[in-house]
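S.K.: Let me begin by handing over the structure; questions about it come next.
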Amino acid sequence: MNLPIFDIEIDDLPTLSIPEKNITVQIARLDKIHPQVSGNKIYKLHYFIKACLASSHKTILTYGGAFSNHLVATAFYCQQVGIKCIAVVRGNEQQKFTSHTLASCEQLGMKLIFVDRELYKLQANKTHENNFNTQFGDCTIIPEGGFAADGAKGAALIVDSLKKYKPTHICCAVGTATTIAGLMLANCNAQIIAVPAIKNMLDIEERILNLIGTYEREKLTIFNEFHFGGYAKYNQQLIAFMNQFYKANNIPTDFIYTAKMMYTIQRKLQEGFFTSNSSIICLHTGGLQGNATLPKNTLIF
């Protein structure tokens, strides 16, 4: 599958930029690379798929919850390149009837195996001695969200498209911290701004070290107070921001990741966190299909 992963569209955000301080804000539209292999997912999958294609088994085994963008991206990518894929899903089979995400995965040919939370927790981030790998034969294992060295290595490719803009800051929402680790691995000159979408995610630095071994701590800033209640949680304040942001910029966001990150950046701009001459690039990490789970007419896009 030939996708333009090295040609990311960059949109200006004049409604957030501050000309009198020479502060510019742009958004990297990873969401526009492909409607299903959305956002940062294609990058995190890149080296796993490459390894699987070079193997003899041609099967991917991965993990995720009922609303995992990672699962949809994996299912589509595998279908396109002719690889079998199996997903171990946290929860029960009834979720197939309420999750737009899981329905899409099955339509794309992904085999879904439902397990309870305890078993999922034991297996989801293992790459060796994996019970499901034994059950389904030899597979290329992708941990939840691509959380592995190859996932971070793939995410580092994002920076190749951003360097020519010479950003002083690159901003990204955080789920597993794989993409943030990749941005740190790329070793660009920008300050990396991390916005966890998960409540009490206090181990980001530990996760980065686990993925890439070492990094320059002074180049990382974490704002962990804008999760809006936790993963996939939202309130009317966030929904209002998403609609306002769309009206102002004609750019849709998802309520799980990018909206929370953009809300944070707007707040920090208003609070004066960014100094004069800042060149800020925010990553739109896709996942727009997740908005289908919101009540009808919640969003104006």
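The values are calculated or read from the model by the stated rules, or taken from the named source; none is laboratory data. Note that this is a predicted model, so its numbers are computed, not measured. Here Cβ is always computed from backbone atoms with ideal geometry, including for glycine, and neighbour counts include all displayed protein chains. Just so you know, the surface numbers come from the protein's heavy atoms only, side chains and all, with ligands and any DNA or RNA stripped out. Shrake-Rupley method; radii C 1.70, N 1.55, O 1.52, S 1.80 Å.
S.K.: Can you give the FRET efficiency for LEU122 and ALA149, using 1/(1 + (r/R0)^6), R0 = 25 Å, r = Cβ-Cβ distance, to the nearest 0.05? Before the final figure, lay out the partial values.
M.R.: Working: r = 21 Å, r/R0 = 0.84.
After rounding to 0.05, the efficiency reads 0.75.
S.K.: Leaving out ligands, DNA and RNA, and with a 1.4 Å probe, what % of the accessible surface on the stretch 58-130 is carbon or sulfur?
M.R.: Percent of accessible area from carbon and sulfur atoms in the stretch 58-130: 48.
S.K.: Once the other residues with Cβ under 11 Å from the Cβ of THR264 are scored (Lys, Arg +1; Asp, Glu -1), what is the net sum?
M.R.: That sum, taken over residues with Cβ under 11 Å, equals +1.
S.K.: Which entry in (i) 30, 26, 18; (ii) 31, 21, 18; (iii) 39, 24, 17 matches semi-axes √(5λ) of the Cα gyration tensor in Å derived from the coordinates of this structure?
M.R.: Here semi-axes √(5λ) of the Cα gyration tensor in Å agrees with entry (ii).
S.K.: Say we join alpha carbon atoms closer than 10 Å with springs in a Gaussian network model of the chain; which of THR264, THR179, THR275 then has the biggest fluctuation?
M.R.: Top of the fluctuation ranking is THR275.
S.K.: Which of ASN249, ILE141, THR59 sits closest to the plus end of the dipole of the chain, meaning its Cα is farthest towards the positive end, when Lys and Arg get +1 and Asp and Glu get -1 on the C-beta?
M.R.: The Cα lying farthest towards the positive end belongs to ASN249.
S.K.: Report for the chain the percent antiparallel among DSSP-assigned beta bridges with both residues inside it, nearest 5.
M.R.: 10
S.K.: Could you please put GLU9, GLU218 in sequence from largest to smallest accessible area, using a 1.4 Å probe? Each step should come with its number before you reach the end.
M.R.: On the way: GLU9 80, GLU218 130 Å².
These residues rank, largest area first, as GLU218, GLU9.
S.K.: Counting every Cα pair in the stretch 1-77, what percent are over 19 Å apart?
M.R.: The share of Cα pairs beyond 19 Å in the stretch 1-77 comes to 50 percent.
S.K.: Within the stretch 13-141, what percent of beta bridges assigned by DSSP are antiparallel, to the nearest 5? Provide the component values of the computation, followed by the final result.
M.R.: Numbers: 1 of 14 bridges.
DSSP beta bridges in the stretch 13-141 are roughly 5 percent antiparallel.
S.K.: If you count only protein heavy atoms and use a 1.4 Å probe, how large is the accessible surface of LEU209, to the nearest 10 Å²?
M.R.: It works out to around 60 Å².
S.K.: If you don't mind, another one. What whole-number distance in Å separates the alpha-carbon centres of the stretch 180-214 and the stretch 7-51?
M.R.: Spelled out, the Cα-based centre of one part sits 17 Å from the other.
S.K.: OK, next. Within the accessible area of the stretch 149-300, what % is carbon and sulfur when the probe is 1.4 Å and the other protein chains stay in place?
M.R.: Of all accessible area on the stretch 149-300, carbon and sulfur atoms account for 46 percent.
S.K.: Determine the calculated [θ] at 222 nm for the chain from helices alone, applying -39500 (n - 2.57) to every DSSP H run no shorter than 4 residues and normalising by the residue count; nearest 500 deg cm²/dmol.
M.R.: That calculation yields -9500 deg cm²/dmol at 222 nm.
S.K.: Assuming R0 = 25 Å, what is the FRET efficiency of GLU218 and THR275, from their Cβ-Cβ distance, to the nearest 0.05?
M.R.: Efficiency, rounded to the nearest 0.05: 0.95.
S.K.: Could you work out which residue, out of ASP203, ASP254, ASP160, moves most in a Gaussian network model of the chain, that is, has the largest mean-square fluctuation with Cα springs under 10 Å?
M.R.: Sorting by GNM fluctuation, first place goes to ASP203.
S.K.: May I pose another question? Can you pull the accessible area of PHE273 for me, 1.4 Å probe, Å² to the nearest 10?
M.R.: Approximately 80 Å² of PHE273 is accessible to the 1.4 Å probe.
S.K.: So what is the accessible area of the chain per residue, in Å², with the probe set to 1.4 Å?
M.R.: In whole numbers, the chain has 44 Å² accessible per residue.
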